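The values are calculated or read from the model by the stated rules, or taken from the named source; none is laboratory data. Since we're looking at a predicted model, the values are computed, not measured. In this analysis, Cβ positions are derived from the backbone assuming ideal geometry, glycine residues included, and neighbour counts consider all displayed protein chains. When the accessible area is computed, the model is the full protein with side chains, heavy atoms only, and any ligands, DNA or RNA have been set aside. Shrake-Rupley method; radii C 1.70, N 1.55, O 1.52, S 1.80 Å.
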Number of protein chains: 2
Amino acid sequence: MALLTALAVGAGGAAGAVARYAVGLSVGRRAVDTGLVNVFGSLLFGVAIGADFGGAPAVAVTVGFCGAFTTFSSFAVETVRLAEDGQRLAAAGNAVGTLAAALLAVFLGIALGAAL
Amino acid sequence: MALLTALAVGAGGAAGAVARYAVGLSVGRRAVDTGLVNVFGSLLFGVAIGADFGGAPAVAVTVGFCGAFTTFSSFAVETVRLAEDGQRLAAAGNAVGTLAAALLAVFLGIALGAAL
């Protein structure tokens, strides 16, 4: 892996993780914060694809920032915790809803990015 | 947000994003690499919960590293791309399979962590 690309991914990743943590502190509602970052990060990733810019800046934004801003592990943990708390409908809604909204956000983001 | 916690999340996030990028380069097969990091990162997040250690190191590992190592945006983008390429079964399998495997990994991880 080229050093510049690794640095770009690492810097984008640090920024993305801190931004996700900040959203979590601001929203303060379990699963909702993670749902928001996952859908918004998927939209941003789509925009970057649609806009089709390249090189280290693109990798920093997509693989670095969007990759780290969004998260599958927190999403999975929160879904399991909702189910363990007996909120099975909320758990299923979180799983299916996040998935559907993120896929839609990618489509929308690509269209938005292409129109830029 | 406390500065120490933000630094822990940022450092963990940088490491997680670079590790995810390295897995992507090593595996080199679209969606498979992301599926692997999402399931393994969910397992590790579960282990950290089960082991129940606290403070900045725990936040660095869970919110920082696991959060950034796993990704929802790349997962969503790759699912959309598989569907766009006409591989609808692979797209559906990727979506449902990653979700099921990650939820199972969280359960397994919590049990493993509690047994440590």
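Tabulated values for the structure
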| read-out | value |
| --- | --- |
| Solvent accessible area, Å² - residue B:44, 1.4 Å probe, full protein context | 60 Å² |
| Rounded to the nearest 20 debye, dipole of the protein assembly as shown from Cβ charges on Lys, Arg, Asp, Glu | 40 debye |
| Helix B:3-27 vs. chain B, principal-axis angle (Cα, 0 to 90°, nearest 10) | 30 degrees |
| With Cα atoms, 0 to 90° folded angle of helix B:32-51 axis to chain B main axis | 30 degrees |
| Most mobile listed residue (A:28, A:12, A:97) in chain A, GNM with C-alpha springs under 10 Å | A:28 |
| For chain B, built as a Gaussian network whose Cα springs stay under 10 Å, the top-fluctuating residue of B:54, B:41, B:13 | B:54 |
| Neighbour cut-off at most 11 other Cβ (10 Å), DSSP loop, trypsin sites (Lys or Arg not before Pro), the range A:16-116 | A:29 |
| Accessible area buried at the A-B interface, both sides summed, 1.4 Å probe (Å², nearest 100) | 3400 Å² |
| The protein assembly as shown - accessible surface per residue (Å², probe 1.4 Å) | 44 Å² |
| Whole-percent carbon and sulfur share, accessible surface of chain B, 1.4 Å | 71 percent |
| Ellipticity estimate at 222 nm from DSSP helix runs (n ≥ 4, -39,500 (n - 2.57)) divided over the protein assembly as shown, nearest 500 | -26500 deg cm²/dmol |
| Ranking by accessible area, most exposed first, for A:33, B:85, A:52 with a 1.4 Å probe | A:52, B:85, A:33 |
| Paramagnetic reach from residue B:100 (point 7 Å along Cα→Cβ, amide N under 18 Å) across the range A:78-116 | A:80, A:92-93, A:95-97, A:99-100 |
| With Cα atoms, 0 to 90° folded angle of helix A:73-84 axis to chain A main axis | 10 degrees |
| Ascending list, in nanometres, of distances separating the residue A:92 label from those of the other copies (7 Å, Cα toward Cβ) | 1.8 |
| Farthest toward positive dipole pole in chain B [+1 Lys/Arg, -1 Asp/Glu at C-beta], among B:80, B:55, B:44 | B:80 |
